[in-house]
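Heads up, the thing below is written out as structure tokens.
The values are calculated or read from the model by the stated rules, or taken from the named source; none is laboratory data. This one's a predicted model, so the numbers in the text were calculated from it and none came from an experiment. Surface accessibility is based on the protein's heavy atoms, side chains included, excluding ligands, DNA and RNA. Shrake-Rupley method; radii C 1.70, N 1.55, O 1.52, S 1.80 Å.
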Amino acid sequence: MTIDTILFDMGGTIEDIHFDRALRLEALPLILSVLEAEGLVLPGSQESILETILERNAEYKAWSERELVESSASSIWNDWNLRDYSLPADRVASVAERLACLWETRFFDRRMRPDAVDTLEALRDRGYRLGIISNTSSRTQVYKTLEAYGIARFFECVVLSSVEGIRKPHPGIFEAALRAMNSRAERTAYVGDTLSRDVIGSKLAGFALAFQIRSFLTAPSDAAIPSGSARPDHLVSSLKETVGILDSIRSGGGEP
């Protein structure tokens, strides 16, 4: 087996993610301030507004995961998150990307995994080509986050569901990354935190290897996965473990 390309999931993999209601209630005024700057005021208490937005976003998430579609930020905020408030669609659309980016950066606590930089440096030094595939409603968040972490330089491509219009585990988004990298599936490994999106999707796309590193998001994302579904080739507890496994494969020692 020859591997020359490693593609990574972002949230839950390169970075770990946590969230709770208190975090989201604290972040809500940022959403409201963007809307209010456009003259869009939502009625009700912050608790009730948060509950409504979370319920509608859960409906969007269920639909998008069932259909494997990622809608535009404008559609998500007009047709789903804020649909109860009958706001002018054009004015919501004008701030939808800002709302999407705030949602993903402030409604979630994102922290780069402590061994991410060392792992990416080790893989780059070994000649592997690196890229990102991420399910995200924002077209800008992943780029901003990679820059903030100081690791954007490692990645040749960033493929986003918000741009492609499809989301993992649809094999098309994995194939889009392969095209962007000019790489072949049989020479590519994928590293992600979920079976439902990452392992199943990369296997459907014919990737040679799938690594799984569990995160806060793994259990809820994979709760409905049937017992006979695809499993990772390697379950790792740290990103750095991927380097040793790939070293063994490259040296002809097989898959430990």
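Assorted remarks:
- Largest GNM mean-square fluctuation among 188, 119, 136, using the chain with Cα springs under 10 Å: 119.
- Among beta bridges that DSSP assigns inside the chain, antiparallel share in %, nearest 5: 20
- Between 42, 102, 146, the Gaussian network model of the chain with springs among Cα atoms under 10 angstrom shows the greatest mean-square fluctuation at 42.
- Set of lysines with alpha-carbon distance to residue 61 below 17 Å, sequence-local pairs under 8 removed: 168
- Solvent-accessible area of the stretch 111-195 (1.4 angstrom probe, protein heavy atoms only): carbon and sulfur portion equals 46 percent.
- With all protein chains kept in place, the per residue accessible area of the chain amounts to 44 square angstrom at a probe of 1.4 angstrom.
- CD proxy at 222 nm, helix term only [per DSSP H run n ≥ 4: -39500 (n - 2.57); per residue of the chain; nearest 500]: -13000 deg cm²/dmol
- Relative contact order for the stretch 51-97: 42 percent, from Cα pairs under 8 Å spaced at least 6 residues apart, divided by residue count.
- For the chain, the membrane-span-like helix rule (DSSP H, alpha carbon extent of at least 20 Å along the helix axis, mean Kyte-Doolittle at least 1.0) picks out 21-37; this says nothing about an actual membrane.
- Global form of the stretch 99-256, assessed from the alpha-carbon gyration tensor, a/c cut-off 1.5: rounded
- Comparing 46, 141, 212 in a Gaussian network model of the chain where C-alpha atoms under 10 Å apart are linked, the largest mean-square fluctuation is found at 46.
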